[in-house]
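Novice: Supplied in C-alpha cells, the structure appears directly below.
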Amino acid sequence: MFSRIKQLVKTPEPPPQSLPPPTKEEKPLEKNDELPKKDGAQKEENKGPTSAGAAPAPAAAAPTPAGAAPAPAAAAPAPAEAATAAAAPAAPPPGPVAAAPEEGNIEELPPSPPPVVYSRYADDHLRAVAKLLRERTELLKEKVIDPYATSPEITPPVTPIYKKEDYIQLKVEERIAKEEADRKKAEEAAKKAEEKKKKDEEKRLEAEKKAEEDRLAVEAQKKKRILPEVHCHCFDVLFQPLESKMDAVLGSTIDRFTDRRYILWMAFVAIAYNYNVWLCTARLAFPFHNAAANPYWVFFDILSDIINVIDIVIWQPRLQFVKAGDIIKDRALTKIHYRKSTKFKSDIMSVLPFDIISQFLQFEFSSMYRINRFIRLDSFFEFSDRLESIMAKAYIWRVARTTGYLLFVLHINACVYYVASLYQGLGTSHWVYNGNGTAYLRCYYFAMLNFFIGVFVFSSLIGQMRDVIGAATAGQTYFRASMDGCVSYMNTYHIPKMVQNRIRMWYNYTWAAQGMLDESELLDKLPLVMKTAIAVDINLATFQKIDLFKGCDQQMLVDMLLRLKSIIYLPGDFVVKKGDIGKEMYVIKSGAVQVVGGPDNSIVFVTLKAGCVFGEISLLQSAKDGGNRRTANVKAHGFANLFVLEKKDLFDILIHYPESQKVLARKGRKLIKAKAATGAKAEEKPKGMTLFQTKPATPKMLKALGNLRKRSLMDKFKKADADQN
C-alpha cells in the first residue's frame, strides 16, 4: 500500500530521524495488529483534499520501528515550513535499525528535518488510531508468566470476557474453592493413611500371632516327634578332610538323574542291602554261625556298613533338589535339605551298630542285631528307578527284578520251613526236613516245588474265575476308570466341590439310565442299515409331528435322525439361555424342560415334556442382524435326555434336498413373521401403572338401546321447537 502511494506521489522522502536506543524491548506487533494501521492509512487517503494529490504522504502514516511512538501533534510544523521542505533534494531511504554503527565508532548524525504535515485532520486521526492500536497491543500481547512467582497478582485473560473487578473476584473464588478442595483431599489422604496404618498394624499383629502359633505348633510337633532331631556338628568336623578330598573327585553337588557315577554307586548300595536282606534272614534261621565262619561274617558285615556310611556322609548330602521350580546346587543347602529330611533319620537308624554293642555286652553273636539294616529299602528302589531311566531296554531289568522277588519269596519260605521243621523235630514226619544233605538247599528245593505246584494248579482256576468276573464287570470297570480319571483331573486342578458333585451325579445317572456313557460308541460300530433302523424306530414319529418339517422329503428326515446326538441334563441345568446364539434344535427324549423367566428365573411360562421340540426356528434364522438369538431361558426340570440337531448338520443335509430346502425356507419365514407379530403385540401393551385407564368399549346391545333413547329425545326437541314456531 505504502509503495503504491510513493509511486503515485513521486516525492522525496524525509531523511530518517535518529532514534535513541530503546530502553525496553517489546514484542513486535502481529500481522493482525498491523491491519488497523493500513486501514487507517487507506481512510486518510480517501478523506484527504483532492488538491494534495501530488503531495508526499504524511509522516505519521509511514511505518515506524517497533517500540517507537509517533511524535505528538503539538510538535507539528507550520504549513509554510512544509512547502520549504518539499523543495529539498531527495534523501536516501532509511536503513534498518540493525544497520546502526558499532560501539566505539559512534558518530553524531545530523539532525533530521521536522516531519511534513499536509493535513492536520488526517494527521490527528492517524495519531489517534496509532494510540488505540498501541493500547490494544499492550492489552493483548502475550506476557511472560513466571511459574515460580509468588505474587498474588492475577493475570487477566488474553481476551477479556469479564471486567477486571469481576475477573479478579472470579479468580479469588476459584482459588478459595481450590484451597477447599485441596484441604478436603488432604483430609481424605490423611484419613486413608490412618486407615492404612491401622490395617498394616492389624496385619502385623495377625502375622505375629500366626508366627507365634506356628512356633507353638512346631514345638508341639517336636514334643510329639518319635525321632529326635539329629545334630551332626561333630561328624562334620570329623569328616571335613574326607569331604574336601571328595569335592575334587565328585564335585560340589551331584545330579541324581543324569550322573552315571551316582547310579554306579547306588549299585554297590543295592548289593549291600541285598546282602543284609538275604543272608541275615538265612543266618537267623539256619545254623550258619560257628567259630570258623564268624570271622567271614564279621568282615562282610563291616564292609556293607562302610558302604552305607559312605553313602550317608559323602553321596547323599551332595544330591541336588528342586525348590520352587529352581534346581538348588549349593552344597550347604543340599546338606541342610538332606539333614532335615526323614530319609536322613531312617538312614542313621539303619547303621546303628547294635551287633557291635551286643559283643561288648557279651551277648551271643547273631544276625538278629542287624535287622535294622532292612530299613534302607528305598535305596534299592531308587537304584531300580535310576537304572530303568538309562537303559535302552528296560524290560530286561524288570524281568530280572520280578524274578528276584520270586526267588526272595522262596528264600523266606525255605527259612520258615526249616524253622518249623526244627520246632517240630527234624525227621519226625514225612512233611518236615529229615536232616540229610545241605539244610538250606533241601529246604529251598521243597519251597520251590511247593510254589510251582501251587502256581500251576491254582493259576488255571484263578485265571478262569478272573476271565468270568472280568467279562461280567467290563462295563462297570470302564465306567469306574472313566469316573476315577475325571475325579483325579478335578482334584489336580482344585475344581470346586459343588461342580465335582454335579459331575459325579451326571456319571452315575448316565450309567444307570443308559448302561453306557456315550451311545454313539455303540451305534458307530453298527452298519448303516441297522443304525438307520434304530434311529427311525426311536425318533421318526416325533420328527413327523414337527410343523416345520411337515411336507419335507422322508429320506431327508431319516438323514436328520442319523445326525442326532444324545445329551443328558441334570436338574436345574440351563439348556439354553436368553441372548445365546441359537445353533441347535432340541427334541425331548425323556424328562421335561421348563421355559422360565423373571428376575431370578422363578416364573415358569410352560413345561415341555417328552416328544416336544424347541429351538427349531434358530436353525433357519440368519445371524446377520442377531436374529438367531435365544429369546427365553430353558432349563431342565429333573433329569432330561435330549436329542440335539446342529445347524451345520442340517445345512449339510439340505444341499442334497433342494425342494425340502425351499419348503423349510417358506415355513421358516412364516414362523419368524408370526413370532415378530407376537412380539410387537407384546410391546404395545402399556407398562407400569396409569392414572386413567382406557374406558372399555360399550356392548353392542347397550349401544343400540342408547341410540334409540337418543333418537327419541331428539324427536321431542324437534317437536317442541315446531310447537313454539
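Novice: Order 376-384, 447-455 from most to least packed using the mean count of other Cβ atoms within 10 Å. Intermediate values should be presented prior to the final figure.
Specialist: On the way: 376-384: 16.8, 447-455: 13.0.
Packing proxy ranking, top to bottom: 376-384, 447-455.
Novice: Only four residue types carry charge here, +1 at the Cβ of Lys and Arg and -1 at the Cβ of Asp and Glu. Report the dipole size of the range 414-512 about the Cα centre in Debye, rounded to the nearest 20. Don't skip to the answer; put the middle values down first.
Specialist: Working: 6 positive and 2 negative charges, 68 e Å.
The calculated dipole for the range 414-512 is roughly 320 debye.
Novice: Please tell me the relative contact order of the range 522-680 in percent, rounded to the nearest whole number, where contacts are Cα pairs under 8 Å and at least six residues apart.
Specialist: Taking the mean separation of contacting Cα pairs over the length of the range 522-680, I get 30 percent.
Novice: Let me ask something else about it. Placing +1 at every Lys and Arg Cβ and -1 at every Asp and Glu Cβ, with all other atoms neutral, what dipole size does the range 294-434 have around its Cα centre, in debye to the nearest 20? Walk me through the intermediate numbers first.
Specialist: On the way: 16 positive and 12 negative charges, 119 e Å.
Rounded to the nearest 20 debye, it is 580 debye.
Novice: Using amide H atoms built in the peptide plane, which far-off residues or other-chain residues are under 5 Å from Asp580 H to H?
Specialist: Arg630
Novice: Please list, ordered by chain and number, the residues whose modelled amide H lies under 5 Å from the amide H of Leu319; skip anything fewer than 5 residues away on the same chain.
Specialist: Amide H neighbours of Leu319: Ile254.
Novice: Further, regarding this structure: Which ³J(HN,Hα) values in Hz, rounded to whole numbers, follow from the phi angles of the range 278-287 under the Karplus curve 6.51 cos²θ - 1.76 cosθ + 1.60, where θ = phi - 60° and Gly and Pro get x?
Specialist: So the Karplus estimates, Gly and Pro as x, are 6, 7, 5, 5, 5, 5, 6, 9, 9, x Hz.
Novice: Place a +1 charge on the Cβ of each Lys and Arg in the range 196-355 and a -1 charge on the Cβ of each Asp and Glu, then give the dipole magnitude about the Cα centre in debye, rounded to the nearest 20.
Specialist: On the way: 27 positive and 22 negative charges, 146 e Å.
Roughly 700 debye for the range 196-355.
Novice: In whole Å, what is the distance between the alpha-carbon centres of the range 402-473 and the range 500-570?
Specialist: For the range 402-473 versus the range 500-570, the Cα centre distance is 57 Å.
Novice: Please turn the phi angles of the range 638-647 into ³J(HN,Hα) values with the Karplus equation 6.51 cos²θ - 1.76 cosθ + 1.60 (θ = phi - 60°), one per residue in order, whole Hz, x for glycine and proline.
Specialist: x, 6, 10, 10, 10, 9, 10, 10, 7, 5
Novice: Here's another thing I want to ask about it. Any of Lys565/Lys635; Lys531/Lys662; Lys550/Lys667; Lys545/Lys609; Lys525/Lys647; Lys171/Lys191 with alpha carbons more than 20 Å apart? Name them for me. Intermediate values should be presented prior to the final figure.
Specialist: Details: Lys565/Lys635 18 Å; Lys531/Lys662 28 Å; Lys550/Lys667 9 Å; Lys545/Lys609 14 Å; Lys525/Lys647 25 Å; Lys171/Lys191 30 Å.
Pairs exceeding the cut-off: Lys531/Lys662; Lys525/Lys647; Lys171/Lys191.
Novice: Please list 438-444, 359-365, 327-333 highest first by mean number of surrounding beta-carbon atoms within 10 Å per residue.
Specialist: My ranking of the peptides, most packed first, is 438-444, 327-333, 359-365.
Novice: Also, quick follow-up: Amide H of Ser590: which non-local residues (sequence gap of 5 or more, or other chain) have their own amide H closer than 5 Å, using H built in the peptide plane?
Specialist: Asn641
Novice: Report the trypsin sites (Lys or Arg not before Pro) located in the range 555-623 that are in a DSSP loop and have at most 13 other Cβ atoms inside 10 Å of their Cβ, or state none. Write down the numbers at each step before the final one.
Specialist: Numbers: sites: Arg563, Lys565, Lys577, Lys578, Lys583, Lys589, Lys609; in loops: Arg563, Lys577, Lys578, Lys583, Lys609.
Answer by residue number: Lys577, Lys609.
Each reported figure results from applying straightforward, stated rules to the coordinates on display, with no laboratory input. Fair warning: this is a prediction, and the values are worked out from it, not measured in the lab. Cβ: placed from backbone, ideal geometry, glycine included. Neighbour counts: every protein chain shown.
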